[in-house]
Amino acid sequence: MSLGCNACGVTGCRIIDSPRERLIAILTSSLVPCNGKFPTLIALITIFFVGGRAGLLASLEGAALLLGTLVLGVAGTLGCSRLLSATVLKGVPSSFALELPPFRKPRVGQVIVRSMLDRTLFVLGRAVSVAAPAGAFIWLMANVTVGDASLLAHCTGFLDPFARLFGLDGVILMAFLLGWPANEIVLPVMLMAYLATGSLVEFDDLTALGALLGEHGWTWLTAVCTMLFSLFHWPCSTTCLTIYKETGSVKWTALSVLIPTALGLGLCLLVSTAARLLGLA
């Protein structure tokens, strides 16, 4: 379920009877890439690895790379689940039996009410409660200037030396930080920072987007590290609030943020260091 939305994946863990195993599933749910990460992944694969080529072969190549990325996310989920079950959440594995419920005629009204109130509206309410102030914060960062540059430019410059260690740059790292309300806005925030505009920017032409990224020093290594960090980084705001609601614990919510972030930064550091030592970047 996390492939659609990590927050829905977290609520879906309610069917697991074992509290220990339910908690493991909740903590690793954000390692599965949700729909919000797909635009960034697909755009970078198309620009840097498919090269804008058309035809069946290029389509198959792009699909294979995207599938490999998803498999890496699943592998990260299984690996972290195994690590958690052997360390901080050690215990006796339980059996899992999913019984088929009796077939009854569906009650349309009950289905609509439960779907709208118990699921959709609650999740949307959590999203709006964070998205509105976050949107105002992003606007202030891009439009309030100190000296001859915006607050956003100052922050990206401050983060740049640290981000370079992981094959990224300050703009990329800042975009992920400001993209906490929703993964969909990570790429638009990057473009807003690169173009120094006061509002979010979207590119319909991938060729023009690739040219813009190339002008700002992007290479295949930058694309790979950005894809890895897009795959493994902190959950979005709605997922964090949902994890807190499901666990009732700040400690477990913080751990759910730490696990994917540490994994993403570790992989980026490993890949970027190896590429530099081998003379590939």
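The values are calculated or read from the model by the stated rules, or taken from the named source; none is laboratory data. Everything quoted here is computed from the prediction, not taken from an experiment. All Cβ positions, glycine included, derive from the backbone under ideal geometry; neighbour counts span all protein chains shown. Just so you know, the surface numbers come from the protein's heavy atoms only, side chains and all, with ligands and any DNA or RNA stripped out. Shrake-Rupley method; radii C 1.70, N 1.55, O 1.52, S 1.80 Å.
Select from region 238-251 the residues that are among the hydrophobic types (A, V, I, L, M, F, W, C) and within 17 Å of residue 8 (Cα to Cα) and write down the one among them that is most open to solvent (accessible area, probe 1.4 Å). Looking at the filtered set, the residue picked out is 241. Of all the residues in region 201-237, those that are more than 29 Å from residue 259 (Cβ to Cβ) and open to solvent by 10 Å² or more (accessible area, probe 1.4 Å) number 15.
Of the set (1) of a type outside the set (Ser, Thr, Tyr); (2) over 15 Å from the mean Cα position of the chain (by Cα); (3) open to solvent by 20 Å² or more (accessible area, probe 1.4 Å), all apply to residue 191 but (3). For region 20-47, the set of residues classified as within 28 Å of residue 220 (Cα to Cα), assigned to a helix (DSSP H, G or I) and open to solvent by less than 30 Å² (accessible area, probe 1.4 Å) consists of 30, 31, 36, 37, 40, 41, 43, 44, 45, listed by residue number.
Any residue that is within 28 Å of residue 27 (Cα to Cα), without any contact (Cβ under 8 Å) to a residue 60 or more places away in the chain and surrounded by 15 or more Cβ atoms within 10 Å (Cβ to Cβ) - is there at least one of those in region 48-59? No, because not a single residue in region 48-59 is within 28 Å of residue 27 (Cα to Cα), without any contact (Cβ under 8 Å) to a residue 60 or more places away in the chain and surrounded by 15 or more Cβ atoms within 10 Å (Cβ to Cβ).
Of the residues 223, 274, the single one that is out of contact with any helix residue (DSSP H, G or I) (no Cβ under 8 Å at 6 or more places or on another chain), outside any loop (DSSP other than H, G, I, E, B), among the hydrophobic types (A, V, I, L, M, F, W, C) and farther than 28 Å from residue 18 by Cβ is 274.
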